[in-house]
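Quick notes on the structure that follows.
Each reported figure results from applying straightforward, stated rules to the coordinates on display, with no laboratory input. Only a predicted model underlies this, so the values are computations on that prediction, with no experimental measurement involved. Counting neighbours? That spans all protein chains shown, and the Cβs are built from the backbone with ideal geometry, glycine included.
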């Protein structure tokens, strides 16, 4: 079975979604060791060693300096840019005792309280955050949900 | 002969599992999410399925980045419960049905689906939360479970069309198994949610309900939805809904809706749930 999907067009469309990093093969390749480091935190003994000296634990992994710094900073948007996947990054924030809601809200620029209130009120509307190009064509400037 | 008698779809939000494990399902926040599963719990008691083919995805629990199977079928005797970082959920281990699972695996491979076969793995909330929602908190799960894990984390996941076709092939495989078995197929994950980036928290009630509508009756238009539409309309993690199409494909040409539930929010996510029956004219 074959389809008429053009792989370049398929991938290019992902960059048109505001405020979203789709976990493509390019990101998976770049983030391999970052994600495997995060996965190692599933084991209690590794969590203990990481907590005792985060820098020393990170230095055991062939990660880039930027990736290590972003882990130390708990900058999750930056970690996604550097090839992190959210389910793997969850091992880091779970080790910190944060829930998904708490950690996810840090990526939105909202306080946890405001983020939770938005969810209870029905969540973030897709209006205006579907397409960067469509927003530009409509004459909008860079809207929330975009970096 | 074995038969697929029903299809069930449900979100598999980890927080629902936590709420169940810590007896919070009666609290104001959780009550409406759980209420929509009461009908199904009673219905399942009457149905008494022998086996559930449970389509789900692993969330960096059993699989890490070392190996990423697109479609994997659990053929083992038993599947343990993953420690996802805060200890395994206090739920029973999952008992497999190796004979039926291997039969399905062989049949799918002959049908040109290149399945990965897994004999040993632990299962995470993607599989255990739906069991809790449908069966409550028994000492032992009331049926055997064949885990069918789909990669929806690393792009590209399988297309909706491919998922639907896999479901069709699963139906054929089940119906060629000689033993008389009552088999259900469950599709899990979704509905709209985005767990990452500045756009996190996205919910699309209208689209989700269009998707629920599309599972009922004889239309197959959902199989042609491209990945980009799930991403734009339902958030980056809404792509999990392609797994519901495996369930739908396995129900044949036409379905009837027995029960439907939708609630926002549970944590970051829209809860969706539907129970379908195949209709043969």
Under the definition of Cα pairs under 8 Å and six or more residues apart, what whole-number percent is the relative contact order of segment B:185-275? 40
Please find, in a Gaussian network model of chain B (springs between Cα atoms separated by less than 10 Å), the residue of B:241, B:191, B:134 whose mean-square fluctuation is greatest. B:134
Relative contact order of chain B: what whole-number percent is it, with Cα pairs under 8 angstrom and at least 6 residues apart? 31
Given an 8 Å cut-off on Cα distances and at least 6 residues of separation, report the relative contact order of segment A:21-98 as a percent. 47
Need the full-extension length gain, residue B:45 to residue B:119, defined as separation in residues times 0.36 nm minus the C-alpha distance. One decimal, nm. 23.7 nm
Rg/Rh over Cα atoms for the protein assembly as shown, Kirkwood Rh, comes to 0.95
Based only on other Cβ atoms within 10 Å, what is the fewest-to-most ordering of B:163, B:257? B:257, B:163
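State the percent of C-alpha pairs, over all pairs in chain A, separated by a distance greater than 19 angstrom.
That tail contains 61 percent of the Cα-Cα pairs.
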Per DSSP H run of at least 4 residues, take -39500 (n - 2.57); add these up for the protein assembly as shown, divide by its residues and hand me the 222 nm value, nearest 500 deg cm²/dmol. -11500 deg cm²/dmol
Most fluctuating residue given options B:81, B:13, B:225, as computed from a GNM of chain B linking Cα atoms under 10 Å: B:225
With Rh as the Kirkwood radius over Cα pairs, segment A:21-98 has Rg/Rh of 0.93
What FRET efficiency do you get for residue A:53 and residue B:111 if R0 is 60 Å and r is their Cβ-Cβ distance, rounded to the nearest 0.05? 0.70
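Please give the direction-averaged projected area of the C-alpha convex hull for segment B:176-264, in square nanometres with one decimal.
Across all orientations, segment B:176-264 yields a mean hull projection of 6.9 nm².
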In nanometres, the difference between 0.36 nm per residue of separation and the alpha-carbon distance of residue B:68 and residue B:219 is 51.2 nm
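Roughly what % of Cα-Cα distances in segment B:124-224 sit above 15 Å, to the whole percent?
Values: 3806 of 5050 pairs.
The calculated P(r) of segment B:124-224 puts 75 percent of pairs beyond 15 Å.
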Sequence of A:105, A:131 once ranked by neighbouring C-beta atoms within 10 Å, starting from the fewest: A:131, A:105
Which of B:116, B:234 has the fewest Cβ neighbours within 10 Å, and the rest in rising order: B:116, B:234
What number in nm² do you get for chain B if you take the convex hull of its Cα atoms and divide its surface by four? 13.6
Label-point separation, residue B:139 to residue B:26 (7 Å along Cα→Cβ), nm: 2.3
